[in-house]
Amino acid sequence: QVQLVESGGGSVQAGGSLKLSCTASGRTFNSYAMGWFRQAPGKEREFVGGISQSGRSIFYTKSGKGRFAISRDDANNTMYLQMNSLKPEDTAVYYCAGNRFDLFSDSGKYDDWGQGTQVTVSS
């Protein structure tokens, strides 16, 4: 099991940028595929994108493709989500999650979650 803590959320105007971090405890972070999810009020949690254990495979959903960039720094047990050209519809609580076997878009496949960080984008 790995403990995850997100940080970097905040309030920005449309068109702005934020960089979220997901820091893991423990020495096995590099064995986890990591995903970013978000949940807006009244909506289901949705997959934003993720990165494989090796870092060679990175996936984005349509909502973030071209605007978001996911990376990982295993030496510092941290995954990042760089978000550019933010839109009001990106407003949500953003979560990171880990899976020891593979990268999934289904939130039910993840056992390890952070507490979330709020991102608010105003128009």
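Within the option set Leu86, Leu103, being farther than 21 Å from Ser123 by Cβ, in contact with a Ser or Thr (Cβ under 7 Å, 6 or more places away or on another chain) and assigned to a loop (DSSP other than H, G, I, E, B) holds for one residue only, Leu103.
Of all residues in segment 44-74, those satisfying the criterion of being open to solvent by 80 Å² or more (accessible area, probe 1.4 Å) and either more than 18 Å from Tyr110 (Cβ to Cβ) or not in a loop (DSSP other than H, G, I, E, B) (or both) are Arg56, Phe59, Lys62, Lys65, Gly66.
Residues of segment 18-42 that are surrounded by fewer than 23 Cβ atoms within 10 Å (Cβ to Cβ) and in a loop (DSSP other than H, G, I, E, B): Ser25, Gly26, Arg27, Thr28, Ala40, Pro41, Gly42. Checked against (1) small (Gly, Ala, Ser); (2) touching a Ser or Thr at 6+ places or on another chain (Cβ under 7 Å); (3) at pLDDT below 95, Gly9 passes all but a single condition, namely (3).
The values are calculated or read from the model by the stated rules, or taken from the named source; none is laboratory data. Worth saying up front: this structure is predicted, and the values here are computed from it rather than measured. Every residue, glycine among them, receives a Cβ derived from its backbone with ideal geometry; neighbour counts consider all protein chains shown. The accessibility values were calculated without ligands, DNA or RNA, using every heavy atom of the protein model including side chains. Shrake-Rupley method; radii C 1.70, N 1.55, O 1.52, S 1.80 Å.
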